[in-house]
Amino acid sequence: MYATLSVENVLKELRSSAQGLSFSEIEERRKQSGWNELPVKKKSALLMFVRQFNDALIYILIGALVLSLVSPYLEEGHMTKEGLLDATVILAILLLNAVLGFVQEYKAEEAIAMLQKLTAPRTRVRRDGKELIVPSRELVPGDIVIIEAGDRISADGRVRSESHLEINESSLTGESHTVDKMIDALPTEGSIAERRNMVFSGTIVTRGSAEIVITSIGLQTEIGKIAKLVSETEFPVTPLERRMRQLGKMLGIVVISLCVAVVGIGLFRGLSFFEMLLVGVSLAVSAVPEGLPAVVTVCLAMGVRRMVKKNALVRRLDALETLGSITVICSDKTGTITENRMKVVGSWVADSSNDEKLLARVLASCNRAKLPDLGDPTEVGLLEYAKTLGVEREEIEKEEVPFTSEEKYMQTKHGGVSYLKGAPEKIIALSTEVNAAEVHAKNEEFAKRGLRVLGAAIKEGGKTRFIGLVAMEDPPRVGVKEAILQAKAAGIRTIMITGDNIVTAQAIAREVGIDGEAMQGEELENSTIEELIIRLKKVSIFARVSPEHKLTILTALSKDGHIVAMSGDG
């Protein structure tokens with residue numbers, strides 16, 4: 001809705017102004033919209049402890065405990081040492097099992113809560129004409145927020161004014177390159193990636209600065225909608241829970257059947273009903289494997305300790321066994337399989353009068369980023385490329401043409417010359433000294449490999465000389481290829497899911513060893529779950545997908561009998 005409105009109409013719709021909201025309005029709006037945070041259900045320690053007893057085998061043990069206390073009175077008329085010992089052992093096992101599970105879950109919840117406190121963000125806002133730094137949870141719709149390079153955005157908003165604003169939206173869209181933002185209203189709302197006059201919670205400013213009008217907070221943001229989708233997902237019982245329930249039911253049926261049979265045989269032989277009832281109760285108590293739940297819990301606790309040593313936080317003990325039962329891993333690409341940074345992986349200079357160091361100098365100097373990681377990931381990658389060649393950047397005297405998605409190139413002045421970098425076709429068009437056919441052929445060669453290509457040129461006097469091309473990619477993380485091979489050897493299939501384009505997705509998949517066909521989000525949207533289950537037999541690469549599509553893929557895999565793990569930040 002707000003993407004199609006002018007800035008003036010957005011302010012009017014939200015009853016705000018360039019001076020921001022008044023302090024009295026803030027409190028009034030908070031009563032209506034609540035806090036800018038995703039709701040987290042605080043778990044009761046008591047309920048957490050009680051839940052440890054929710055298991056079929058535990059129910060049988062509780063039954064055995066009751067029988068151990070009751071049977072001596074039926075048989076002897078008073079509590080015996082044997083009965084008391086049996087009851088004490090069973091009670092100790094029940095408590096040990098519950099305490100181990102509770103301690104692990106409680107520690108995990110405390111660790112997660114501590115991490116959330118450490119990462120609590122703050123935001124720069126304008127209220128009553130004054131600029132303040134406030135906790136991000138206090139934002140309300142209509143607030144005027146000031147953002148700049150390096151900031152993580154804390155709520156969805158409409159761009160009111162901007163200066164060379166570029167944002168990394170990979171956490172929402174899966175696109176590894178940044179998006180340059182604009183002020184003008186759009187003709188249609190479009191997808192998240194197409195809303196270039198909007199900013200979204202959880203994304204990061206890589207370049208420039210801006211003022212935004214907050215339009216949505218908390219669960220109303222795009223990231224909040226994803227959180228709501230996830231919270232509404234029904235979580236099935238784990239494989240271990242399923243097996244333990246089956247074992248408990250089977251034991252219950254077997255024990256009851258044996259007891260009935262023994263009592264029946266005794267009665268048939270003329271023994272008294274009371275005497276046979278005591279025999280049946282004793283048999284039931286002795287047939288229950290009291291130590292099994294404790295043995296399972298101790299084994300899982302030992303596994304959790306091993307995971308902690310590898311810096312993995314496990315919330316519930318039974319989740320550990322589920323990890324060992326998975327048959328499919330669904331993984332994001334950007335930031336999970338890849339490093340979420342751009343790296344030069346190929347270069348080409350136009351003729352013998354140029355060299356790679358000159359190419360690197362142009363690309364590093366016509367550049368606003370700063371090492372180690374401040375700015376557009378592409379520009380940071382170009383600085384790292386120049387550094388590996390021992391090339392120093394030249395300071396910008398004047399930014400003659402800032403990069404925009406309309407212009408598709410950037411031009412900076414350095415003394416008597418200007419440096420240009422941008423889309424190859426744009427740099428070719430601006431060059432007076434260039435073999436266009438040769439450059440186009442090389443550009444196409446890089447592009448077929450799913451690489452992002454940039455061209456560079458030097459302008460001096462009335463001439464613009466084309467220097468060369470660099471090809472970049474978001475490289476795979478170290479160890480990812482080996483991990484995928486290990487998973488494959490263990491019978492676990494890896495499926496890559498990304499919002500990136502299909503050519504880039506296929507190129508990265510080949511590089512890390514993911515085999516299979518590719519499918520795009522648009523095609524997935526037009527498929528039923530049954531059709532998707534069939535396609536998933538061969539498809540291992542999903543491109544241009546939304547968070548909703550990810551849930552559809554997981555649902556289809558689960559319905560096909562797979563135990564699925566999802567890895568990534570998307």
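Remark: the chain carries 52 Å² of accessible area per residue (probe radius 1.4 Å; ligands, DNA and RNA excluded).
Taking Cα atoms only, the orientation of helix 56-75 departs from the longest principal axis of the chain by about 20 degrees. Where in segment 1-27 does the amide nitrogen come within less than 16 Å of the point 7 Å from the Cα of Asp128, taken along Cα to Cβ? Residues 17, 19-27 qualify, since their backbone N sits under 16 Å from the label point.
Coupling constants for segment 418-435 follow from the phi torsions by the Karplus curve (6.51 cos²θ - 1.76 cosθ + 1.60, θ = phi - 60°), and in residue order they are 10, 10, 10, 8, x, 4, x, 5, 6, 5, 4, 4, 7, 7, 9, 10, 7, 9 Hz; glycine and proline get x.
The figure for Phe23 is an accessible area of roughly 100 square angstrom, using a 1.4 Å probe on the protein chains alone.
Note: relative contact order over segment 256-383, using C-alpha pairs below 8 Å and six or more positions apart, is 14 percent. Could you work out how far the C-alpha centroid of segment 483-555 sits from that of segment 340-401, in angstrom? Using only Cα atoms to place each centre, the spacing works out to 34 Å. Other residues with beta-carbon under 15 Å from the beta-carbon of Glu27 carry, at +1 per Lys or Arg and -1 per Asp or Glu, a net charge of +1. Computed over all pairs of different Cα atoms, the Kirkwood value for the hydrodynamic radius of segment 291-436 is 19.5 Å. Under the criterion of Cα pairs below 8 Å and six or more residues apart, the relative contact order for segment 245-321 equals 22 percent. In the chain, the DSSP-assigned H stretches of four residues or longer account for a calculated mean residue ellipticity at 222 nm of -14000 deg cm²/dmol, using -39500 (n - 2.57) per stretch and the full residue count as denominator. Counting Lys and Arg as +1 and Asp and Glu as -1 over every other residue whose Cβ lies under 12 Å from the Cβ of Arg493, the net charge comes to +1. For the chain, with all protein chains in place and a probe radius of 1.4 Å, 57% of the accessible heavy-atom surface sits on carbon or sulfur. Evaluated over the Cα positions of segment 45-109, the convex hull gives a direction-averaged projected area, one quarter of its surface, of 4.7 nm².
Pairs of Cα atoms nearer than 8 Å and 6+ residues apart set the relative contact order; for the chain it is 14 percent.
The calculated FRET efficiency for the pair Glu444 and Ala507, based on their C-beta separation and a Förster distance of 22 Å, comes to about 0.95.
Which FRET efficiency value, to the nearest 0.05, do you get for Leu69 and Leu267 by plugging their Cβ-Cβ distance into 1/(1 + (r/R0)^6) with R0 = 25 Å? Calculated value: 0.50. Projecting the Cα atoms of Met342, Ser16, Ser191 onto the charge dipole of the chain, computed from C-beta unit charges around the Cα centre, puts Met342 farthest toward the positive end. Annotation: amide H-H contacts under 5 Å for Ile495 (H modelled 1.01 Å from N, sequence separation of 5 or more, or interchain): Ile329, Cys330, Ser331. The Cα atoms of the chain cover 118, 60, 44 Å along the three principal axes, with the biggest extent listed first. Using the Karplus relation 6.51 cos²θ - 1.76 cosθ + 1.60 with θ = phi - 60°, the per-residue 3J(HN,Hα) values for segment 541-550 come to 10, 10, 10, 6, 9, 9, x, 5, 4, 4 Hz, with x marking Gly and Pro. Annotation: amide H-H contacts under 5 Å for Ser540 (H modelled 1.01 Å from N, sequence separation of 5 or more, or interchain): Glu517. Over all Cα atoms in segment 470-570, the spread is summed up by Rg and Dmax: 13.5, 46 Å.
Sorting His414, His164 by accessible area puts them as His164, His414; the probe is 1.4 Å, largest comes first, and only protein heavy atoms count. The peptide list 439-449, 142-152, put in order of mean Cβ contacts within 10 Å with the highest first, becomes 142-152, 439-449.
In this Cβ point-charge picture (+1 for Lys and Arg, -1 for Asp and Glu), the chain has a dipole of about 960 debye about its Cα centre.
About its Cα centre, the dipole of segment 503-570 is roughly 160 debye, where the only charges are +1 on Lys and Arg Cβ and -1 on Asp and Glu Cβ. For segment 407-414, backbone phi angles converted through the Karplus equation (6.51, -1.76, 1.60; θ = phi - 60°) give residue-by-residue couplings of 6, 6, 7, 10, 9, 10, 9, 9 Hz, Gly and Pro being listed as x. I want the local charge near His562. Using Cβ-Cβ distances under 13 Å, sum +1 for each Lys or Arg and -1 for each Asp or Glu among the other residues. Local net charge: +2. Think of the chain as a dipole: +1 on every Lys or Arg Cβ, -1 on every Asp or Glu Cβ, centred on the Cα centre; then among Ile508, Leu554, Met182, Leu554 lies furthest on the positive end.
Bridging of Lys538 to lysines at a Cα separation below 18 Å is possible for Lys488, Lys550, Lys559, once same-chain residues fewer than 8 apart are set aside.
The values are calculated or read from the model by the stated rules, or taken from the named source; none is laboratory data. Being a predicted model, the structure only gives us computed values, none of them experimental. Reconstructed Cβ throughout: ideal geometry from the backbone, glycine too, with neighbour counts over all protein chains shown. Ligands, DNA and RNA are excluded from the accessible area calculation, which covers all protein heavy atoms including side chains. Shrake-Rupley method; radii C 1.70, N 1.55, O 1.52, S 1.80 Å.
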